[in-house]
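Q: Below you'll find the structure I mean.
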Amino acid sequence: MFDTDVKVSPITQYFETLGYKYDFINGKKLIKVFTSQEEELNTLYKGVGLRDISGSGILELSGKDSLDFLHRISTNKLKDLLPESTAKTIFTNEKGRFIDAAVVMNFGDHQILISSSEHKQKITNWISRYIISDDVNMNAPENKYVLFELLGPQADSFITLVCGNMVNEIEENKFKAVKSDGIIFFLIKMRDKAGHLKFLILADPENGLNLVKYMVNNKGPFDFNLIGEDAYNCYRIFTGIPSAPNEINTDYNPHEAGLLDFVSFSKGCYIGQEVIARLDTYDKVQKFLRGITFSEPAEQNGLYDLFDGQGNEAGKITSTCYSEKNKQNIGLAYVKKSFQEDGTELFAKDANGKNIKVTVKSFPFKK
């Protein structure tokens, strides 16, 4: 059996020694705010931010069938993925709904799968379920890796300061083993759903921690900041990035979440393929992920049902935050097709029956 206990990242432990306070969020030891949400958001929009995501689900797969196996049970075309390449893919159930979204790193003789922290046990169980006669070995390592990301418009220049010009040789959706000042790690170059360039860094705990310390102590001319959960949550809402478990769960599918870039419509069968293909062919998608602005203060991380002025159901708000950039509460919502036009006014009802007027927005939000 796999160990399901959430371990504390050594990077978070290091942040504690710097005086930052942590909170337990869904069983994880995380830092919500390092400086202030406003300062950290400003860094994400104008500088470079470092975010510890070591709690992500990380699986190692090996065996001669492992890459083909991942190709057959997930949405994207993986069987021809070259070594030192990455691909984003989605695991869906028989109804075409999310199990989880993941990044696959192909090392040639094995693959590393990076999924969400919230669904790591679910995706582990899901993959185990379909390993029958294939030559596939799966391992869920504990304490073997740390994982963090660099985000923001200065991320490319900042990582070049750390690693040198070899960063320019890494194409998007590729990764390289890097040795810089005696620190060894894997550097992945990719873009998020909003089209912003970012870097993932995977390393063993000692090398990863040394690299984080180096970055913290050698910021150079850059607007560099550590990024807490509050700022990142607001950043992803502002830019329209769905996340587990709020938007990526078994209530929704890749069409609705706007993640069709992770889906191949030419590769053939996978679990949930018929449903996803039928939704595309016959234009049967009934709701889509949209932004929401609130006309008055709302509960942080509150969940709301959406209705129109006549009381007709219009959707569900899945994520909320107070945006310092907009000076108001904003959110993500799955909105029914007939209400998704930019500027549509609806009402959000909380569990106590309180109604708040909200407005549907496209991404990214405008101030």
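Q: Can you find a residue in region 112-122 that is assigned by TED's automatic domain parsing to the domain that holds Ala203, assigned to a helix (DSSP H, G or I), on the phi < 0 side of the Ramachandran plot and out of contact with any helix residue (DSSP H, G or I) (no Cβ under 6 Å at 6 or more places or on another chain)?
A: Taking region 112-122 first, the residues assigned by TED's automatic domain parsing to the domain that holds Ala203 are none.
No, region 112-122 contains no residue that is assigned by TED's automatic domain parsing to the domain that holds Ala203, assigned to a helix (DSSP H, G or I), on the phi < 0 side of the Ramachandran plot and out of contact with any helix residue (DSSP H, G or I) (no Cβ under 6 Å at 6 or more places or on another chain).
Q: Restricting attention to region 163-185, which residues are in contact with a strand residue (DSSP E or B) (Cβ under 6 Å, 6 or more places away or on another chain) and surrounded by 13 or more Cβ atoms within 10 Å (Cβ to Cβ)?
A: Selection gives Cys163, Ile170, Asn173, Lys174, Phe175, Lys176, Val178, Phe185.
Q: Would you check which residues across region 333-365 are in a loop (DSSP other than H, G, I, E, B) and more than 22 Å from the chain's Cα centre (by Cα) and list them? Outline the logic, then answer.
A: Just the residues of region 333-365 that are in a loop (DSSP other than H, G, I, E, B), to begin with: 340-344, 350-354, 362-365.
Within region 333-365, Gln340, Glu341, Asp342, Gly343, Thr344, Asp350, Ala351, Asn352, Gly353, Lys354 qualify.
Q: Taking region 253-312 as the search range and keeping residues that are part of a strand (DSSP E or B) and among the aliphatic types (A, V, I, L, M), which one is farthest from the chain's Cα centre (by Cα)? Working first, answer last.
A: Initially, region 253-312 is screened for residues part of a strand (DSSP E or B), giving 287-294, 304-307.
From the residues that got through so far, the ones that are among the aliphatic types (A, V, I, L, M) too are 289, 292, 306.
On the way: Leu289: 15, Ile292: 20, Leu306: 25 Å.
The qualifying residue farthest from the chain's Cα centre (by Cα) is Leu306.
Q: For region 210-228, how many residues are part of a helix (DSSP H, G or I) and either of a type outside the set (D, E, K, R) or over 19 Å from Ile53 (Cβ atoms) (or both)?
A: Of the residues in that region, 7 qualify.
Q: Give the residues of region 111-143 that are among the charged types (D, E, K, R), free of Cβ contacts under 8 Å to residues at least 60 places away in the same chain and over 18 Å from Gly27 (Cβ atoms), sorted by residue number. If you could, list the steps in order and put the result at the bottom.
A: At the first step, the residues of region 111-143 found to be among the charged types (D, E, K, R) are 118, 120, 122, 129, 134-135, 142.
When the remaining residues are screened for being free of Cβ contacts under 8 Å to residues at least 60 places away in the same chain, the result is 122, 129.
Hit for region 111-143 is Arg129, nothing else.
Q: On to the next question. Can you tell me which residue within region 146-162, out of those that are of a type in the set (A, V, I, L, M) and assigned to a strand (DSSP E or B), is surrounded by the most Cβ atoms within 10 Å (Cβ to Cβ)? Let's see the steps before the verdict.
A: Here is the first cut: in region 146-162, the ones of a type in the set (A, V, I, L, M) are 146-147, 150-151, 155, 159, 161-162.
Keeping just the survivors that are assigned to a strand (DSSP E or B) gives 146-147, 150-151.
Working: Val146: 26, Leu147: 22, Leu150: 23, Leu151: 23.
Here the answer is Val146.
Q: Looking at Ser85, Ser128, which is the one that is closer than 29 Å to Leu50 by Cβ and of a type in the set (Ser, Thr, Tyr)?
A: Values: Ser128 fails: closer than 29 Å to Leu50 by Cβ.
The conditions single out Ser85.
Q: Of everything in region 326-348, what is of a type in the set (A, V, I, L, M) and in contact with an Asp or Glu (Cβ under 9 Å, 6 or more places away or on another chain)? Give them in sequence order. Steps first, answer last, please.
A: Keep residues of region 326-348 that are of a type in the set (A, V, I, L, M), which gives 330, 332-333, 335, 346, 348.
Residues satisfying the conditions are Leu332, Leu346, Ala348.
Q: Residues that are at pLDDT 95 or above, surrounded by 13 or more Cβ atoms within 10 Å (Cβ to Cβ) and of a type in the set (S, T, N, Q): which helices (runs of 4 or more DSSP H) entirely in region 1-83 hold 3 or more of them? First the steps, then the outcome.
A: Numbers: elements: 10-17, 37-46, 66-73.
So the answer is none; nothing clears 3.
Q: Being modelled with pLDDT of 95 or more, over 26 Å from Lys32 (Cα atoms) and surrounded by 18 or more Cβ atoms within 10 Å (Cβ to Cβ), is that true of even one residue in region 296-306?
A: Yes.
Q: Restricting attention to region 229-244, does a residue exist that is crowded, with 22+ Cβ neighbours inside 10 Å and assigned to a strand (DSSP E or B)?
A: No; the residues of region 229-244 include none that is crowded, with 22+ Cβ neighbours inside 10 Å and assigned to a strand (DSSP E or B).
Q: Further, regarding this structure: I'd like the residue in region 123-145 that is in a helix (DSSP H, G or I) and among the aromatic types (Phe, Trp, Tyr) and, out of all such residues, is surrounded by the fewest Cβ atoms within 10 Å (Cβ to Cβ). Write out each step before concluding.
A: Narrowing region 123-145 to residues in a helix (DSSP H, G or I): 123-130.
Next, from what is left, pick out any that are among the aromatic types (Phe, Trp, Tyr): 126, 130.
Working: Trp126: 18, Tyr130: 13.
Filtering first and then ranking leaves Tyr130.
Q: Show the residue pairs meeting these rules: Cβ distance below 7 Å; 6+ apart or different chains; first residue within region 295-314 and free of Cβ contacts under 8 Å to residues at least 40 places away in the same chain; second residue in a loop (DSSP other than H, G, I, E, B).
A: Matching pairs, first to second residue: Ala314/Asp308.
The values are calculated or read from the model by the stated rules, or taken from the named source; none is laboratory data. This structure is a prediction, so every number in the text was calculated from the model and none was measured. Glycine gets a Cβ as well: all are built from the backbone with ideal geometry, and neighbour counts include every protein chain shown.
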